[in-house]
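Reviewing the structure listed below.
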Amino acid sequence: MNNIPRITRSLIIANVICYMLQMATENVMGADMLTYYGGLWPAQSPFFHFWQPTTYMFLHGSLTHLFFNMFSLWMFGRIIEQSMGERRFLLFYFVCGLGAALCQIVWQLFTGEYVPTVGASGACYGILLAFGMFYPNERIMLIFPPIPMKAKYFVAGYAAIEVFSAFNTNSNIAHLAHLGGMLFGWLLITWWRSEARRPRTRKNKYENWHTADYDYNLEQRRRQERVDELLDKVRTSGYEGLTEEEKRELFTYTR
């Protein structure tokens with residue numbers, strides 16, 4: 001557990017503790033009081049409260065639900081946290097979770113569903129999307145069928161399944177929340193990248209010697225050369241072969 005980055009480890013621990021509290025309140029009071037007060041109820045429900053778009057992320061419907069979400073968080077979250085850094089990763093996690101809650105609330109307004117939503121799935125789907133965007137050509141081994149697949153195709157396949165399931169199944173799974181987590185994750189990463197690529201006019205005595213476009217293009221070429229060097233190292237020795245500084249560089253230059 002100590003090998004897991006701090007924010008990812010803390011999120012896993014928090015989710016496990018909350019699930020144990022769910023079980024405790026159910027056994028003692030005869031009902032899952034945490035889900036009653038902390039689950040995400042539809043906005044038109046009298047049980048809806050303003051804190052629920054945050055608290056629902058730490059509650060789960062079953063041990064299996066908890067296990068698969070935490071496995072996904074462990075598998076992909078530790079890599080994305082190392083790439084983004086602690087603060088940005090924590091912000092990303094909550095933006096994806098809150099975005100998932102917003103999409104689920106809107107969906108329930110149209111469908112009239114009247115059940116609470118729980119789980120970190122929306123945030124975890126956002127992290128999965130981030131992995132596909134940062135490392136699109138990394139290969140993921142599927143369980144069934146047992147074949148390797150590039151991350152970008154794996155993520156696209158998951159998104160397609162969620163879109164199909166949202167409109168063609170009547171299960172209690174919050175497919176729109178999953179898609180909402182991916183959508184808000186994509187929006188945030190896209191915004192970060194656009195901010196990083198925005199050219200900045202020089203503000204020193206040499207500003208008459210170079211234009212902003214010249215400086216921007218020069219910096220882009222330098223960054224691309226460095227990215228190529230880091231990706232070559234990843235291909236030869238794997239992601240874990242990078243130093244912490246190189247991991248931060250890779251995230252900074254590819255975001």
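The values are calculated or read from the model by the stated rules, or taken from the named source; none is laboratory data. Remember, it's a predicted structure, so these values are computed and weren't measured experimentally. Virtual Cβ from ideal backbone geometry, glycine too; neighbours counted across all protein chains shown. To get the accessible areas, we keep the full protein, side chains included, count just its heavy atoms, and leave off ligands, DNA and RNA. Shrake-Rupley method; radii C 1.70, N 1.55, O 1.52, S 1.80 Å.
Pairs only if they're at least six apart or on different chains, beta carbon under 8 angstrom, first in segment 78-92 and within 11 Å of Tyr239 (Cβ to Cβ), second open to solvent by 10 Å² or more (accessible area, probe 1.4 Å) and not in a helix (DSSP H, G or I); list them, first residue then second.
Arg78/Ile4; Arg78/Pro5; Ile79/Tyr135; Gln82/Pro5
Yes/no matrix, rows are residues, columns are (1) open to solvent by 40 Å² or more (accessible area, probe 1.4 Å); (2) in contact with a strand residue (DSSP E or B) (Cβ under 7 Å, 6 or more places away or on another chain); (3) closer than 19 Å to Ala177 by Cβ; (4) free of Cβ contacts under 8 Å to residues at least 60 places away in the same chain:
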{"site": "Arg9", "(1), (2), (3), (4)": "yes, no, no, yes"}
{"site": "Tyr19", "(1), (2), (3), (4)": "no, no, yes, yes"}
{"site": "Met23", "(1), (2), (3), (4)": "yes, no, no, yes"}
{"site": "Thr35", "(1), (2), (3), (4)": "no, no, yes, no"}
{"site": "Ala43", "(1), (2), (3), (4)": "yes, no, yes, no"}
{"site": "Phe50", "(1), (2), (3), (4)": "yes, no, yes, yes"}
{"site": "Leu59", "(1), (2), (3), (4)": "no, no, yes, no"}
{"site": "His65", "(1), (2), (3), (4)": "yes, no, yes, yes"}
{"site": "Leu73", "(1), (2), (3), (4)": "no, no, yes, no"}
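Which ones in segment 95-115 are among the aromatic types (Phe, Trp, Tyr) and surrounded by 18 or more Cβ atoms within 10 Å (Cβ to Cβ)?
Trp107
Take Val118 and tell me if it is more than 18 Å from Ser83 (Cβ to Cβ) and crowded, with 24+ Cβ neighbours inside 10 Å.
Values: more than 18 Å from Ser83 (Cβ to Cβ): yes; crowded, with 24+ Cβ neighbours inside 10 Å: yes.
When the stated conditions are applied, Val118 passes them.
Does Gly132 meet the test of being surrounded by 23 or more Cβ atoms within 10 Å (Cβ to Cβ) and farther than 26 Å from Trp51 by Cα?
It is true that Gly132 is surrounded by 23 or more Cβ atoms within 10 Å (Cβ to Cβ) and farther than 26 Å from Trp51 by Cα.
Assess whether Ile127 counts as being under 24 Å from Ile12 (Cα atoms) and either at pLDDT below 85 or in contact with a strand residue (DSSP E or B) (Cβ under 7 Å, 6 or more places away or on another chain) (or both). Reasoning before the result, please.
Numbers: under 24 Å from Ile12 (Cα atoms): yes; either at pLDDT below 85 or in contact with a strand residue (DSSP E or B) (Cβ under 7 Å, 6 or more places away or on another chain) (or both): no.
So Ile127 does not fit the description; no.
Write out, first by first residue and then by second, each pair whose Cβ atoms fall under 9 Å of each other, whose residues are 6+ apart or on separate chains, and whose first residue, in segment 97-126, is within 13 Å of Ile173 (Cβ to Cβ) while the second is assigned to a helix (DSSP H, G or I) and open to solvent by 70 Å² or more (accessible area, probe 1.4 Å).
Ala100/Leu183; Ser121/Phe68; Gly122/Leu98; Tyr125/Tyr158
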